[in-house]
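Visitor: Got a structure for you, written out below as structure tokens; questions coming shortly.
The values are calculated or read from the model by the stated rules, or taken from the named source; none is laboratory data. Not measured: the values here are computed from a predicted model. Note that each Cβ is placed from the backbone with ideal geometry, even for glycine, and that neighbours are counted across all protein chains shown. Accessible surface areas use protein heavy atoms only, side chains included; no ligands, DNA or RNA. Shrake-Rupley method; radii C 1.70, N 1.55, O 1.52, S 1.80 Å.
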Amino acid sequence: MTTVTMTVNGKTVSNEIEERTLLVHFLRDTLMLTGTHIGCDTSQCGACVVHVDGKAVKSCTMFAVQAHGRSVTTIEGLAEAGALHPVQAAFREHHGLQCGFCTPGMIMTAVDMIARGVAADRASIRRELEGNICRCTGYHNIVSAIEAAAKEMGA
Amino acid sequence: MITYPFAYQRAANLAEAEALLGANPEAKLLAGGQTLIPTMKQRLASPPLLIDISGLHELSGNRRDGERLVLGAALTHAEVAQSPEVRTLIPALAELASHIGDPAVRHLGTLGGSVANNDPAADYPAAVLGLNASVITTRREVPADKFFTGMFETMLAPDEILRAVAFPVPRRAAYAKFANPASRYAMVGVFVAQTTEGVRVAVTGAAPSVRRLPMMEKALEASFTPEAVAHIKIDADGMNEDLHGSAQYRAHLVTVMAKRAVAAALA
Ligand SMILES: Cc1cc2nc3c(=O)[nH]c(=O)nc-3n(C[C@H](O)[C@H](O)[C@H](O)COP(=O)(O)OP(=O)(O)OC[C@H]3O[C@@H](n4cnc5c(N)ncnc54)[C@H](O)[C@@H]3O)c2cc1C
Ligand code: FES
Ligand code: FES
């Protein structure tokens, strides 16, 4: 057992955990932040994407101890003062989801790609979504949502 | 999936990492974790101790050393893809790094981890061999031709740490990969480079380990054009065969990717 301390969605958390605890399990089972999903558990689907120090990573492919001393943002940390983040609003507006299972990871990946300035056109958006799988939408509306959000955010 | 239990230590510096590794023969270095963690989750590996080297400043950054560009082992794929030095001096390498896996994998996965692991379908080994790079470890400098010794095998001793890779700056180079549509790993990837010491061609994904293609090197030495390799038939003997493709298919792809790589190098 070991103690990990990190900032999650702006709040400092400190817990005693087993070293082998994956970041996604720490978020979901210890902190009860169940917005981050586990789709494949084999590093393929991207449902578990969160930001660590501002970068999108697959939280099923990182141990919580690796995030010790770092800053983590999950889907729960995006909306400010009850107002949806522009990417969340765009997913709603453009029907970027059906069952919603992939959506937290899609949105965290989208926020990351917009911040890096690589969501300029539909082809780049699709390329950046390489690590996120959706079994419902056929991606078309996800791409539209990200395109619209990128425009709105001036990226 | 839950791994077997292990102890975890973040090394404060390279010397500490080396000492920990020396004292714990079963321990494993943890860099980006993008290969090691999936392997541990499948319970194919069960190291009792993980030594985290991801943040070590001795393994980060890049520097110019004469005609070589020396890249630290801890550089992530995303960092290499965006590095102004790499993009200016060896754009083919930046391009290669930008097509490894997906953005989240590139944010964590490292040059050192990929080269040390020598996955038969990994991209970096093709660049290391194709550019005639040298692997710099805590003990020595090993030329690429000696470094990769077999499937998932390298010259690295169990307690040796890969510090950096020194890439000679080529006259021109390019990498062409036919990515597996699901995993993005190379079904076949061919790296061609025209260097001061001649043409080198390295292929990954096709065989159990990265290898050079002397027939193509000779042909390109005579004429550095896609046509020079177009007629070269690669023997399917010894090629990988799996559910993604037969040995014949891979052998055919090698010629196709070589042609594309030469065309890209000339573009
Ligand atoms: C979904 C997915 C897609 C991927 N697609 C591709 C792809 O298209 N092409 C590709 O090439 N790769 C791909 N990869 C693999 C990825 O590039 C890994 O990042 C890389 O192979 C290993 O680097 P790492 O830093 O993550 O190493 P780790 O997983 O941390 O370590 C891998 C091994 O190397 C050892 N090691 C690490 N650093 C050192 C060092 N400095 N000295 C000595 N030994 C060391 C470790 O002990 C371990 O045995 C993919 C991975 C995933 C999860
Ligand atoms: S659950 Fe992490 S990538 Fe699918
Ligand atoms: S909306 Fe159902 S998986 Fe994407």
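Visitor: At a 1.4 Å probe radius, carbon and sulfur cover how many percent of the accessible area of segment A:28-155? Don't skip to the answer; put the middle values down first.
Guide: Numbers: 2840 of 5570 Å².
Using a 1.4 Å probe with all protein chains present, segment A:28-155 comes out at 51 percent carbon and sulfur.
Visitor: Identify the trypsin sites (Lys or Arg not before Pro) of segment B:186-267 meeting these criteria: DSSP loop state and at most 12 other C-beta atoms within 10 Å of the C-beta. Show your work: numbers first, answer last.
Guide: Numbers: sites: B:Arg200, B:Arg211, B:Arg212, B:Lys218, B:Lys233, B:Arg250, B:Lys259, B:Arg260; in loops: B:Lys233.
Passing sites in segment B:186-267 are B:Lys233.
Visitor: Can you list the residues in segment A:16-38 whose accessible area drops by at least 50 Å² when all protein chains are present, compared with the chain alone? Use a 1.4 Å probe, heavy atoms only.
Guide: Residues passing the criterion (a loss of at least 50 Å², heavy atoms only) are A:Glu19, A:Arg20.
Visitor: Another question about this same structure. For B:Ala12 and B:Ser223, what is the calculated FRET efficiency with R₀ set at 60 Å and r taken between the beta-carbons, to the nearest 0.05?
Guide: Values: r = 54 Å, r/R0 = 0.90.
After rounding to 0.05, the efficiency reads 0.65.
Visitor: I need two numbers for segment B:101-149: Rg to one decimal and Dmax as a whole number, Cα atoms only, in Å.
Guide: Cα only, segment B:101-149: 11.4, 33 Å (Rg, Dmax).
Visitor: Cα extents of segment A:86-152 along the three principal axes, largest first, in whole Å?
Guide: Largest to smallest, the principal-axis extents are 28, 22, 17 Å.
Visitor: Could you pull the accessible area for A:Glu152 with a 1.4 Å probe, rounded to 10 Å²?
Guide: Looks like 140 Å² after rounding.
Visitor: How are the Cα pair distances of the protein assembly as shown distributed, in percent, across 10 Å bins from 0?
Guide: Cα pair-distance distribution for the protein assembly as shown, in percent: 5, 21, 30, 26, 15, 4, 0.
Visitor: What distance in nm separates the two pseudo spin-label positions at B:Tyr4 and B:Asp242, each 7 Å out from Cα along the beta-carbon direction?
Guide: In this crude spin-label approximation the distance works out to 2.3 nm.
Visitor: Which value, in Å³ per residue, describes the convex hull spanned by the Cα atoms of segment A:19-155? Kindly include the intermediate steps, with their values, before the conclusion.
Guide: Details: hull volume 14.3 nm³, N = 137.
Output value, Cα hull per residue: 104 Å³.
Visitor: Over the Cα atoms of segment B:43-137, each weighted equally, I'd like the Debye log10 I(q)/I(0) at q = 0.12, 0.17 Å⁻¹, rounded to two decimals.
Guide: Reported log10 I(q)/I(0), two decimals: -0.38, -0.75.
Visitor: Could you compute Rg(Cα) / (2.2 N^0.38 Å) for segment B:1-72, with N its residue count? Let's see the in-between values first.
Guide: Working: Rg = 14.5 Å, N = 72, 2.2 N^0.38 = 11.2 Å.
With N residues counted in segment B:1-72, Rg over 2.2 N^0.38 Å equals 1.30.
Visitor: From largest to smallest, what semi-axes in whole angstrom does chain B give when each is the square root of 5 times an eigenvalue of its alpha carbon gyration tensor?
Guide: So the equivalent ellipsoid measures 31, 21, 15 Å along its semi-axes.
Visitor: Pick out the long, greasy-scoring helices in chain B: whole DSSP H runs spanning 30 Å or more along their own axis by Cα, mean Kyte-Doolittle at least -0.5.
Guide: Helices meeting the criterion: none.
Visitor: Going toward the positive end of the dipole of chain B, with +1 on Lys and Arg Cβ and -1 on Asp and Glu Cβ, which of B:Gln248, B:Ala164, B:Leu129 do you reach last?
Guide: Going by the charge dipole, the pick is B:Gln248.
Visitor: Which three numbers, in whole Å and largest first, are the semi-axes of the equivalent ellipsoid of segment B:172-266 derived from its Cα gyration tensor as √(5λ)?
Guide: Working: eigenvalues 96, 36, 24 Å².
Computed over segment B:172-266, the values are 22, 13, 11 Å.
Visitor: My understanding is that a pair violates if its Cα-Cα distance is over 23 Å; which of B:Lys41/B:Lys146; B:Lys233/B:Lys259; A:Lys11/B:Lys28 do that in this structure?
Guide: B:Lys41/B:Lys146; A:Lys11/B:Lys28
Visitor: Another question, then. So, for segment B:1-160, what is the accessible surface per residue at a probe of 1.4 Å, expressed in square angstrom?
Guide: Value returned for segment B:1-160: 40 Å² of accessible area per residue.
Visitor: On alpha carbon coordinates alone, what is the Rg over Rh value for segment A:2-77, Rh being the Kirkwood radius?
Guide: 0.91
Visitor: State, in square angstrom and to the nearest 100, the accessible area buried between chains B and A, both chains counted, probe radius 1.4 Å. Let's see the in-between values first.
Guide: On the way: alone 12530 and 8010 Å², together 18120 Å².
Separately minus together, B and A give about 2400 Å² buried.
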